[in-house]
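The block underneath contains the structure these notes are about, expressed in structure tokens.
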Amino acid sequence: MVRVSKEQKAKIRNQIIQVSRKRFIQEGYDNTRTKDIAQEVGIAEGTIFNYFDSKANIFLEAIAEGRIVSIAEKDSINYKADIIDIVYDYTYHTLKGLALLPKKIVKELLSAGVSIAKKNPGVIKKIAQIDYNFIDRLEALFQELIDIKRVRDCDARIAAETVYSIVMTEIILYIYEDDITKEIMLEKIKTKIKFILQKYIF
């Protein structure tokens, strides 16, 4: 029996997540088969279950590790730009991985996440961690804008949570309203960010 090293196990696990992420995005949750994931990785289908309990767990790992949702890096921010543009661009960059997907796939991924969470309430924490990371990073951005006197003194956490609320509301409306396009969703996010923040801008 061939013994697999820790490094090889980590590599295989990462390949499973990478391949499954691509397939979830391209084909949707329901149409993604563990058999196809295994074949592309170059392992037997049963081997996948040495690393993950189910397809649902693979899906959650891909989401929870932030591999579908990208994160904006602070060193890419132009702090001299218009404040509304800074916050909007930061938000857009963070959502880009999700926002660029077809609406049908976003709806299916959301539905799959809710369904999985109902069967295993513990996974909600993993999904929620993505939201908390987004809010934490946004809070840090607001605090930095306050520190460099680009934004009036305010509660950076509340500002971050308010922007997060706007984003989530617009994503939900985008998913469930057929006449709301991606462009309309993004424009509404920017308009509402401006409405909320304009009184805090010097």
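The values are calculated or read from the model by the stated rules, or taken from the named source; none is laboratory data. Computed from a predicted model, the values in this text were never measured in an experiment. Glycine gets a Cβ as well: all are built from the backbone with ideal geometry, and neighbour counts include every protein chain shown.
Some points to look at:
- Among the residues making up region 176-199, those that are crowded, with 16+ Cβ neighbours inside 10 Å and touching a residue at least 60 places away in the same chain (Cβ under 8 Å) are M185, L186, I189, K190, I193, K194, L197.
- In region 126-137 there is no residue that is assigned by TED's automatic domain parsing to the domain that holds D82, in a loop (DSSP other than H, G, I, E, B), at pLDDT 85 or above and charged (D, E, K, R).
- Which numbered condition N31 misses (of (1) polar (S, T, N, Q); (2) touching a residue at least 24 places away in the same chain (Cβ under 8 Å); (3) out of contact with any Ser or Thr (no Cβ under 9 Å at 6 or more places or on another chain)): (2)
- Candidate set from region 1-51 (those that are acidic (D, E) and in a helix (DSSP H, G or I)); member that is surrounded by the fewest Cβ atoms within 10 Å (Cβ to Cβ): E7
- Evaluation of A112 against (1) at pLDDT 75 or above; (2) part of a helix (DSSP H, G or I); (3) closer than 21 Å to I171 by Cβ; (4) not hydroxyl-bearing (S, T, Y) (one fails), failing number: (1)
- Among the residues making up region 138-168, those that are within 30 Å of K55 (Cα to Cα) and either aromatic (F, W, Y) or surrounded by 14 or more Cβ atoms within 10 Å (Cβ to Cβ) (or both) are Y164, V167.
- Neighbours by Cβ (under 9 Å, 6+ apart or cross-chain): first from region 60-85, more than 13 Å from Q129 (Cα to Cα) and among the hydroxyl-bearing types (S, T, Y); second at pLDDT 60 or above and exposed (fewer than 15 other Cβ atoms within 10 Å of the Cβ): S70/K96; Y79/I148
Okay, residues lined up against (1) at pLDDT 90 or above; (2) touching an Asp or Glu at 6+ places or on another chain (Cβ under 7 Å):
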| site | (1), (2) |
| --- | --- |
| T162 | yes, no |
| S165 | yes, no |
| L173 | yes, no |
| D178 | no, no |
| I184 | yes, no |
| K188 | yes, yes |
| K192 | yes, no |
| I196 | yes, no |
